[in-house]
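Asks: Below is the structure I would like to discuss, written out as structure tokens.
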Amino acid sequence: MLFKNKVVIVTGSRRGIGKAIALAFAHEGADVVVSDVAIAECKKVSSEIEKLGVKSISLKCDVSKKSDIGNLITQTIKKFGKIDVLVNNAGIYRSTPLLDMKEKDWDAVLNINLRSVYLCTQAAVKTMLKNRIKGSIVNIASIAGEVGFANSSAYCASKGGIVVMTKELALELAPL
């Protein structure tokens, strides 16, 4: 029970890797906040988590919206009183050749994959510092952040940004 009495937020946790991460933390004793854009699916994951004997809440959160992130943090504190771990997992993929890519598609990928990491991390760290929590931030990237894949410029750019930002944030935040 490595995370007993810890509170973990996992963005993009209604399915796939995010769901697996949320369940893994629950198996280790953490109370888990399941967040994504589809609340009905989030509630199903929270139900699975609660069957493991820990607490969970489901929150609808579009991580490209600062107001949704603010609500995610506020509701987590209201329910659990703290945040120990934030897992920035939410992400989307669009396979589009550069010459065919629409600006709105580029923006959607960068906003959900990269900007959300900045917004969620900033909000969580402010709360952790206020509550004197020495927490952890986990950012999910991809091999696409290290090497290019054809027709994936926005995705590769977003994941490369996460890789470098994570290194920078480790240097910036570790002393706090």
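Asks: Modelled label-to-label distance, Ala170 and Gln122, 7 Å Cα→beta-carbon offset: nm?
Replies: With each label point 7 Å from Cα toward Cβ, the separation is 2.3 nm.
Asks: Give the Debye-formula value of log10 I(q)/I(0) at each listed q (0.14 Å⁻¹), with one equal scatterer per alpha carbon of the range 1-94, two decimals each.
Replies: Debye intensities relative to I(0), on a log10 scale: -0.41.
Asks: Here are several values of Rg/Rh (Cα atoms, Kirkwood Rh): [x] 1.07; [y] 1.14; [z] 0.98. Which one was derived from the coordinates shown?
Replies: [z]
Asks: Right, here's the next one. If I build a Gaussian network model for the chain, linking alpha-carbon pairs within less than 10 angstrom, which residue out of Gly18, Gly161, Gly148 has the largest mean-square fluctuation?
Replies: Its mean-square fluctuation being the largest, the pick is Gly148.
Asks: What range in the chain is the longest one free of trypsin sites (Lys or Arg not before Pro) that are in a loop by DSSP and have at most 10 other Cβ atoms within 10 angstrom?
Replies: 52-101
Asks: When only Cα pairs under 8 Å and 6 or more residues apart are kept, what is the percent relative contact order across the range 1-150?
Replies: About 22 percent, as a whole number.
Asks: For the range 51-114, what class follows from the C-alpha gyration tensor (a ≥ b ≥ c being the square roots of its eigenvalues): rounded when a/c is under 1.5, otherwise prolate if a/b is larger than b/c, else oblate?
Replies: Prolate, because a/c is 1.5 or more and a/b exceeds b/c.
Asks: With +1 assigned to the C-beta of every Lys and Arg and -1 to the C-beta of every Asp and Glu, and no other charges, what is the dipole magnitude of the chain about the Cα centre in debye, to the nearest 20?
Replies: For this selection, approximately 660 debye.
Asks: OK, next. Pairs Lys4/Lys134; Lys55/Lys167; Lys55/Lys159; Lys43/Lys104: which are spaced more than 25 Å apart, C-alpha to C-alpha?
Replies: As for pairs spanning more than 25 Å Cα to Cα, those are Lys55/Lys167; Lys55/Lys159; Lys43/Lys104.
Asks: Shifting gears a bit: Taking Cα pairs under 8 Å and at least six residues apart, what relative contact order does the range 61-176 come out at, in percent?
Replies: Result for the range 61-176 is 32 percent.
Asks: Could you pull out every whole DSSP H run in the chain that spans at least 27 Å of Cα extent along its own axis and averages 0.0 or higher on the Kyte-Doolittle scale?
Replies: Those that pass (Cα extent of 27 Å or more, hydropathy at least 0.0) are 153-173.
Asks: Over the range 38-176, average the accessible area per residue using a 1.4 Å probe and give it in Å², no decimals.
Replies: Ligands and nucleic acids excluded, the result is 56 Å² per residue.
Asks: Let me ask you something else. Using a Gaussian network model of the chain whose springs link C-alpha atoms within less than 10 Å, name the residue from Ala144, Ala90, Ala26 with the highest mean-square fluctuation.
Replies: Answer for the Gaussian network model of the chain: Ala144.
Asks: Of the heavy-atom accessible surface of the range 1-117 (probe 1.4 angstrom), what whole percent is carbon and sulfur?
Replies: Percent of accessible area from carbon and sulfur atoms in the range 1-117: 53.
Asks: What translational diffusion coefficient, to the nearest whole µm²/s, does the range 81-135 have by Stokes-Einstein, given a Kirkwood radius computed over alpha-carbon pairs, a temperature of 10 °C and 1.306 mPa s viscosity?
Replies: 123
Asks: To continue, here is another question. Looking at the chain as a GNM with Cα springs under 10 Å, which of Glu48, Glu28, Glu103 has the largest mean-square fluctuation?
Replies: Glu103
The values are calculated or read from the model by the stated rules, or taken from the named source; none is laboratory data. The structure presented is a predicted model; accordingly, all values stated were derived computationally and were not measured. All Cβ positions, even for glycine, are placed from backbone atoms using ideal geometry, and neighbour counts span all protein chains on display. What goes into the accessible areas is simple: the full protein's heavy atoms, side chains included, and nothing from ligands, DNA or RNA. Shrake-Rupley method; radii C 1.70, N 1.55, O 1.52, S 1.80 Å.
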